[in-house]
Amino acid sequence: MDVKVEILKRKLVVICRGVYGDDLLNMAKAIYDGGLRCIEVTFDQSDAQGVEKASKAIEQLNGVCGGELLVGAGTVLNSEQVVAAMNAGATYIISPNVDDDVIRLTKALKLVSIPGAMTPSEVAHAYKVGADIVKLFPAGHLGTKYIKELRAPLSHIPLLATGGVNEESLPAFLDAGCAGAGVGGRLADKKLLAEKNYGEIRKRAEAFVSLLQGRA
């Protein structure tokens with residue numbers, strides 16, 4: 001499977017931050033039933049056990065939904081974390097920043113590289129170093145006008161809008177030229193998880209899938 005092609009085809013990556021165990025597995029099944037396939041487990045840099053917890057979560061996710069989920073690691077900040085993510089079974093590496101060492105190691109390990117950038121210089125540099133897709137962050141604050149202007153000279157670089165993406169804003173980000181988006185709180189909703197309301201998570205996933213239909 002070509003993971004980069006699949007991510008660009010699926011267009012939406014679900015961001016799971018601080019969700020583990022049964023909550024994560026049930027949430028993953030809900031978004032899968034709702035039609036989504038890409039899920040990212042973030043490394044909690046403030047937790048001494050964050051890498052270990054995320055690595056275990058990635059391993060668990062690779063064993064659910066018939067192995068059809070594309071599982072990646074997020075908030076990856078250094079080379080050691082890239083290796084930990086790969087060993088756990090992550091197929092793509094997402095970061096909030098541009099780190100040349102992280103990008104180059106990710107590519108050397110034949111994983112998909114998705115670093116985070118904001119400025120034209122950061123986006124272009126990340127792509128030059130080897131990024132497959134660049135996460136535009138924080139997209140919600142930058143806005144679609146900024147994205148359109150950024151895309152004018154950099155239309156060859158696929159962008160993943162992340163930060164402030166929901167059902168209302170997703171179409172505008174795609175219309176502005178983003179190849180896809182990362183969605184966190186609307187799907188990995190801590191309130192819904194606390195209530196075990198996985199049915200609502202599935203419905204929200206279905207709503208996102210509906211918005212993506214018909215988009216190449």
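For the stretch 34-53, the set of residues classified as farther than 10 Å from residue 74 by Cα and not in a loop (DSSP other than H, G, I, E, B) consists of 38, 50, 51, 52, 53, listed by residue number.
Quick one: which residue in 126, 161 is in a strand (DSSP E or B) and free of Cβ contacts under 8 Å to residues at least 60 places away in the same chain?
161
Residue-level check: of (1) under 18 Å from residue 19 (Cα atoms); (2) buried (at least 21 other Cβ atoms within 10 Å of the Cβ); (3) of a type in the set (A, V, I, L, M), residue 131 misses just (1).
All of the numbers you see were taken from the coordinates with simple rules; none came from a lab. Note that this is a predicted model, so its numbers are computed, not measured. Every residue, glycine among them, receives a Cβ derived from its backbone with ideal geometry; neighbour counts consider all protein chains shown.
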